[in-house]
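The values are calculated or read from the model by the stated rules, or taken from the named source; none is laboratory data. This is a predicted model, so every value here is computed, not measured. Every residue, glycine as well, gets a Cβ built from its backbone with ideal geometry; the counts of neighbours run over all protein chains shown.
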Amino acid sequence: MSKYIYLLIILFSLFVGIGAYTFNYGEGLSYFSKNPEACMNCHIMRAQFDSWQKASHHTAATCVDCHLPHDFIGKYIAKAENGYNHSKAFTLQNFQEPIIITPKNSQILQKNCVQCHAEMVAEIVVDQDHNDEDIQCVHCHSTVGHGEKVGLGGPLLTQEYGGIEK
C-alpha cells in the first residue's frame, strides 16, 4: 500500500476517535431519550431545567413534549438541528443570555401547545399557519413552561411586554 493510503487511514481513524470521544463526553446517547436531564447536559441549560421543575407543566410535559415536533421524523430532524446549533453556540460561546427561543422553535412550541390543549383553544386559534401576527400562547402564558423569568434583581422586564413584569 502506498503511504497516502496509510495517511488517509490514520486521519480517518483520528477523526472517528475524536468524534467518538466527543459523543461519549457529551453524553450523546442521552439526547435520544425523553429525560429532561439530557437537556441539562450542557450546563448553560441549568436555569431552564430548574425553572421547569417549579413550573405548572412539570408533571404534565417534558422538554421533548413542548420543544420538539411529535412526529418521528420531524422530532429527530429538530433534535439534530438543535443539537448542532446548541453545541456550536456553546463551543464558540456566542449565545445570547438569557437564552431566547428561535422563531422556528417558537412555531414548534406553539403547535404543541395548541395540539395538547385543542379542546380549550379551538375557538381562539382557528388557523395554524404560525405567522408573526398569530396569537401565541406564550404571549399570555409565558410562565407555564419555565416559571417566572428572573434575573439578579427579580422578575425580568421585557421589551415584548412593553416593560411590564411577566
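Numerical summary
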read-out: Among (1) of a type in the set (A, V, I, L, M, F, W, C); (2) within 26 Å of Ser30 (Cβ to Cβ); (3) in contact with a Leu (Cβ under 9 Å, 6 or more places away or on another chain); (4) at pLDDT below 90 - the single one Ala78 does not satisfy; value: (4)
read-out: Members of the stretch 36-72 found to be among the polar types (S, T, N, Q) and either touching a helix residue (DSSP H, G or I) at 6+ places or on another chain (Cβ under 9 Å) or under 16 Å from Asn105 (Cβ atoms) (or both), listed by number; value: Asn41, Gln48, Gln53, Thr62
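For (1) part of a helix (DSSP H, G or I); (2) over 18 Å from Cys116 (Cα atoms), each residue gets a yes or a no:
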position: Phe15; (1), (2): yes, yes
position: Tyr31; (1), (2): yes, yes
position: Gln48; (1), (2): yes, yes
position: Gln53; (1), (2): yes, yes
position: Ala61; (1), (2): no, no
position: Lys75; (1), (2): yes, no
